[in-house]
Amino acid sequence: MSDFVIETRALSKRYGSKLALDHLDLQIPRGRIHAIVGANGAGKSTLFRILLGFLPPTAGEARILGRDSGCLTPDDRARIGFVNEEHTLPGWMPVSAVIAMHRRQYRRWNEAAFASVLGHYHVLPEQKVGQLSRGERAGFNLALALAQGPELLVLDEPTLGLDVVAKRAFLESLMYSNASEDCTVIYCSHQMDEIERVADNLIILERGQLKNMSAPEDFCARVTYWVADIPFKGPDQQLVPGLLQVQRIDGLHHYVVIDQDEDFGEFLRAHGARSVQSMPVSLDRAVNGFLAKNHAAPAAA
């Protein structure tokens, strides 16, 4: 058994002249909840399609649960749970019929896991799937995925379009299901508040390349926010060390920088700052600043 649920080596995918994945080397270990984030076009969806065997790579290798992703058998797929943003289920079928179908299909069906998750939602057996609200459908989909007893659970924007109450119910049902103890979870989302709440490991993709893999708190510790009273234009942005973002608000310069210590304050003072204040940042500000910087950078040749 491999120590990694996902392994890619020099994985590349081209759509014409566009390089969606660029020689991606990625190893995600077993266990815990791993969040994958990136700007639109970072390559997340392409990566999932290749890993699940829906799309062939242009070059390189992709393995999931130790198996070549292009050669997955029905038994292999039964080891992988998948919940996407559309929560695709047959709308014409009653809930009870969908449950019965899944019970027959998955030999490792776990009734207790199914009931513990679905208990967060008011879903009746006689209802047709098409009659469920988006939040109820999301919860039903998660319950089905966890009940199949997967070794790997892939959640691709599972709360997209949900209201605040439904989103909270989804996250709580995931966290209290003990999914991270029973299987590895890959969680893809643009919502940093969700990532901060559930993730043990933060993976950042940009332009098809791996840019970061660390604990969310470790990544946050690398990013700092500085407010400086500079009466002039301020230093040339190309000279600012570790610069991710800069804004001028109400006459003050606001800098988001990475991998800078107290020497950054001295740098600002040397460039005319009359006062300097440093503050910690939220995961949302840290990731969005990092993505904005990398997304604006030209792609590697």
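The values are calculated or read from the model by the stated rules, or taken from the named source; none is laboratory data. The structure presented is a predicted model; accordingly, all values stated were derived computationally and were not measured. All Cβ positions, glycine included, derive from the backbone under ideal geometry; neighbour counts span all protein chains shown.
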query = Does residue 151 count as assigned by TED's automatic domain parsing to the domain that holds residue 37, touching a strand residue (DSSP E or B) at 6+ places or on another chain (Cβ under 9 Å), under 24 Å from residue 199 (Cβ atoms) and modelled with pLDDT of 90 or more?
reply = yes
query = Filter the stretch 253-294 for residues that are charged (D, E, K, R) and part of a helix (DSSP H, G or I); which is nearest to the chain's Cα centre (by Cα)?
reply = 284
task = Among the residues of the stretch 86-114, write down those that are aliphatic (A, V, I, L, M), surrounded by fewer than 16 Cβ atoms within 10 Å (Cβ to Cβ) and modelled with pLDDT of 90 or more.
result = 93, 97, 100, 101
Residue that is over 14 Å from residue 205 (Cβ atoms) and modelled with pLDDT of 95 or more, where the choices are 32, 63, 79 = 63
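Could you tell me whether any residue of the stretch 207-214 is part of a strand (DSSP E or B), in contact with a Gly (Cβ under 7 Å, 6 or more places away or on another chain), among the aliphatic types (A, V, I, L, M) and modelled with pLDDT of 90 or more? Spell out how you get there, then give the answer.
Initial filter on the stretch 207-214 (part of a strand (DSSP E or B)): 209-214.
With the extra rule that they be in contact with a Gly (Cβ under 7 Å, 6 or more places away or on another chain), the set shrinks to none.
For the stretch 207-214, residues part of a strand (DSSP E or B), in contact with a Gly (Cβ under 7 Å, 6 or more places away or on another chain), among the aliphatic types (A, V, I, L, M) and modelled with pLDDT of 90 or more: absent.
So which residues in the stretch 88-109 are part of a loop (DSSP other than H, G, I, E, B) and either within 13 Å of residue 128 (Cβ to Cβ) or not β-branched (Val, Ile, Thr) (or both), if there are any at all? Step through it out loud before you land on a result.
From the stretch 88-109, those part of a loop (DSSP other than H, G, I, E, B) are 88-93, 106-109; that's our starting set.
Hits for the stretch 88-109 are 89, 90, 91, 92, 93, 106, 107, 108, 109.
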ask   = For residue 218, are the conditions met, namely being touching a Ser or Thr at 6+ places or on another chain (Cβ under 6 Å) and charged (D, E, K, R)?
value = no
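With respect to residue 117, determine if the residue is buried (at least 20 other Cβ atoms within 10 Å of the Cβ) and either more than 16 Å from residue 185 (Cα to Cα) or hydrophobic (A, V, I, L, M, F, W, C) (or both).
Yes, satisfied.
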